[in-house]
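None of the figures in this text is laboratory data; all of them are computed from the coordinates on show. Since this is a predicted model, take the numbers as computed values, not measurements.
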């Protein structure tokens, strides 16, 4: 059975919103403080398509990943945070 609230009037909507606001919501950062991250996490903080990301890497607009093994590449979190903070300063 689905846990979808069925709301038929404004009073029920108001009650439902208040109930949702009482819940503790924990929002985690998309990036850890140190280490390496893979492509999905990079795209979460740099929202472009995969092909645009690799195009930006090729022209030097975005930092290149580090090759961890033959088939695994990842970005250093410190490098990404530095790049993103520079991007924020330029805007």
**Contour excess over end-to-end distance, with Cα ends at residue 61 and residue 85 and 0.36 nm allotted per residue** = 7.2 nm
**Request:** Would you mind calculating the relative contact order of the stretch 36-90 from Cα pairs under 8 angstrom and at least 6 residues apart, reporting the percent as a whole number?
**Result:** 37 percent
